[in-house]
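Worksheet for the structure shown next.
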Amino acid sequence: QVQLVESGGGSVQTGGSLRLSCAASGRTVSSYPMGWFRQAPGKEREFVAVIMRSGGNVYYGNAVKGRFTISRDSAKDTVYLQMISLKPEDTAVYYCAATRTSTSLRYYYTSKANYEYWGQGTQVTVSS
């Protein structure tokens, strides 16, 4: 089984920064692409970022490009999301996710339906 646990959420003012962490159970997860999604009240769960198992290839959603950075430490089975220049529109529950599928079609990873494993989520609140 695979288990994901997010941490690092909290409240911050506009323009501030936060770093989220996602700890995975077992080393098998190190070979899976890992993504971050977010869900605001009344809205669908939206793609934020994904990082591949090798080469450090990454892809970001348009709303966070230039502000968020995804990284991973396979030795620790941990994925990170560094968020800077935060806006009130970034307020949401942030979820870590993993998929067993590896493909060169990067848009495959923007769909929440393509991820088999999910964390419980961590709240990020950005006040103006």
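Check whether at least one residue in region 78-96 is aliphatic (A, V, I, L, M) and farther than 19 Å from Leu18 by Cα, and report yes or no. No, because not a single residue in region 78-96 is aliphatic (A, V, I, L, M) and farther than 19 Å from Leu18 by Cα. Considering only region 1-35, state which residues are assigned to a strand (DSSP E or B), open to solvent by 40 Å² or more (accessible area, probe 1.4 Å) and either within 13 Å of Asp77 (Cα to Cα) or of a type in the set (Asp, Glu) (or both). Of everything in region 1-35, those that are assigned to a strand (DSSP E or B), open to solvent by 40 Å² or more (accessible area, probe 1.4 Å) and either within 13 Å of Asp77 (Cα to Cα) or of a type in the set (Asp, Glu) (or both) turn out to be Val5, Ala23. Could you look through region 1-44, keep only residues that are touching a Cys at 6+ places or on another chain (Cβ under 9 Å) and polar (S, T, N, Q), and pick out the one that is farthest from Arg100 (Cα to Cα)? This residue is Ser7.
The values are calculated or read from the model by the stated rules, or taken from the named source; none is laboratory data. Source: prediction; values computed, not measured. So basically every Cβ, Gly included, is an ideal-geometry build from the backbone, and we count neighbours across all protein chains shown. Note: areas computed on protein heavy atoms with side chains; ligands, DNA, RNA excluded. Shrake-Rupley method; radii C 1.70, N 1.55, O 1.52, S 1.80 Å.
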